[in-house]
Amino acid sequence: MVVDENEGRLLGEVTGIRGAHGTAIALSSGHGFATSGNDQSIVMFDLKTFKELARMFSLNGDAHSSTSSMPRRERSSRTSRSAASPSTGRRPA
């Protein structure tokens, strides 16, 4: 569900997301990203139409890292590690 934060009205819906945990917006590219935790994927969608553009598969490592992989046609992957643990303030090993 996409809601106008100022007016509270429904703008649209990004479908196919099961178990959302978070979203990210990339205004410069016109893309949004949302987690779909139940099927361990990340959905990339168009910010104007809210249509799904791609689905990346996500593999959770430890509490400080995750890996996402684009479908074969893209042939890329990304690994992300957090800067510091919120509980200890230390960087992951």
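The table below lists the values:
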{"read-out": "Matching strands (runs of 3 or more DSSP E) fully within the chain where at least 2 residues are at pLDDT 55 or above", "value": "10-12, 23-26, 31-36, 41-46, 52-60, 65-69"}
{"read-out": "Looking only at segment 25-45, and only at residues there that are within 13 Å of the chain's Cα centre (by Cα) and over 13 Å from SER58 (Cβ atoms), the one that is surrounded by the most Cβ atoms within 10 Å (Cβ to Cβ)", "value": "PHE45"}
{"read-out": "Residue within segment 10-20 that is touching a Gly at 6+ places or on another chain (Cβ under 8 Å), surrounded by 13 or more Cβ atoms within 10 Å (Cβ to Cβ) and under 17 Å from PHE57 (Cβ atoms) present", "value": "yes"}
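The values are calculated or read from the model by the stated rules, or taken from the named source; none is laboratory data. Here the structure is a predicted model, which is why all the values come from computation and not from measurement. Don't worry about glycine lacking a Cβ; one is built from the backbone with ideal geometry, like all the others, and counts go over all protein chains shown.
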